[in-house]
Amino acid sequence: VRPADGPAFVGASPERLFRREGRTVVSEAVAGTRPRGETEEEDAALRRELLQNPKERREHAFVEDAIRSDLEQVCTAVRSPNGTGELALARGRHLHSRITGTLRSETSTTDLLEVLHPTPAVGGVPTDNAVAAIRAQEPFDRGWYAGPVGWVGRDAAEFAVALRAGLVEDNQIALFSGAGIVEGSTPEREWEEIEQKIGDFAAIMGVIDSETASG
């Protein structure tokens, strides 16, 4: 996204907020994270650890359950046809669930955006209390980060959650990332996750010098 004569907001989001084709809606829960391994054996071990880890499963369940509940407000036949699996990316992996539904006839794309954003992955649960706490604690304005970015057509639409993102201005870029805090989280592990995500995106963007700030 780049307004005329302004900075550019760029990203490589792994998370689709929703895709709409006619009355069919597909959303995704993406929560719970591990890196990729340097060898096949290490990679397989990290995959098993992610799929079996109670804390990561709990974090993922918060997101999946909330998306299902939100879709049930505007859809019929809401289900997760494939259960919880893995979304394997080049530099990381996440727990992943696909949630589908059939829109009620009176539901618009705007209604879907209002119902689904923000998901617990970026806004917490319960939503109102969590968002208020985030606004009180975070020492910066998220801007477009973690917001919905996408397109709308006559009978179709698709939006992603603006993660793995950066704001580019002149020859500088401000990178944004985050981690989910649930029971069982530790500051050290969550900070490692944030640094991994930022480092991966910095490598993709060709960032030469970087510095991570708390917040």
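With respect to the conditions (1) under 30 Å from residue 174 (Cα atoms); (2) buried (at least 16 other Cβ atoms within 10 Å of the Cβ), residue 51 lacks only one, and its number is (1).
Residues that are closer than 22 Å to residue 13 by Cα and either surrounded by fewer than 16 Cβ atoms within 10 Å (Cβ to Cβ) or touching a strand residue (DSSP E or B) at 6+ places or on another chain (Cβ under 7 Å) (or both) within region 97-118 comprise 97, 98, 99, 100, 109, 110, 112, 113, 114, 116, 117, listed in sequence order. Filtering 10, 30, 26, 63 for residues that are β-branched (Val, Ile, Thr) and part of a helix (DSSP H, G or I) leaves a single hit, 63. Looking across region 129-148, the residues that are loosely packed, with under 14 Cβ neighbours inside 10 Å and touching a residue at least 12 places away in the same chain (Cβ under 8 Å) come down to 138, 139, 140.
Is there a residue in region 27-41 that is buried (at least 18 other Cβ atoms within 10 Å of the Cβ), among the polar types (S, T, N, Q) and within 21 Å of residue 195 (Cα to Cα)? Yes, the conditions are met somewhere in region 27-41.
Answer yes or no: is there a residue in region 26-46 that is polar (S, T, N, Q), without any contact (Cβ under 8 Å) to a residue 60 or more places away in the chain and either over 24 Å from residue 124 (Cβ atoms) or touching a Pro at 6+ places or on another chain (Cβ under 9 Å) (or both). Checking region 26-46: at least one residue is polar (S, T, N, Q), without any contact (Cβ under 8 Å) to a residue 60 or more places away in the chain and either over 24 Å from residue 124 (Cβ atoms) or touching a Pro at 6+ places or on another chain (Cβ under 9 Å) (or both).
Is it true that residue 215 is out of contact with any Phe, Trp or Tyr (no Cβ under 7 Å at 6 or more places or on another chain) and either of a type in the set (Val, Ile, Thr) or modelled with pLDDT under 90 (or both)? Taking the combined requirement at face value, the residue does not satisfy it. When region 34-60 is filtered for residues that are in contact with a Leu (Cβ under 6 Å, 6 or more places away or on another chain) and not in a helix (DSSP H, G or I), the ones remaining, listed by number, are 34, 37.
The values are calculated or read from the model by the stated rules, or taken from the named source; none is laboratory data. Here the structure is a predicted model, which means the values were calculated and not measured. Cβ sites come from the backbone with ideal geometry, for glycine too, and all protein chains shown count toward neighbours.
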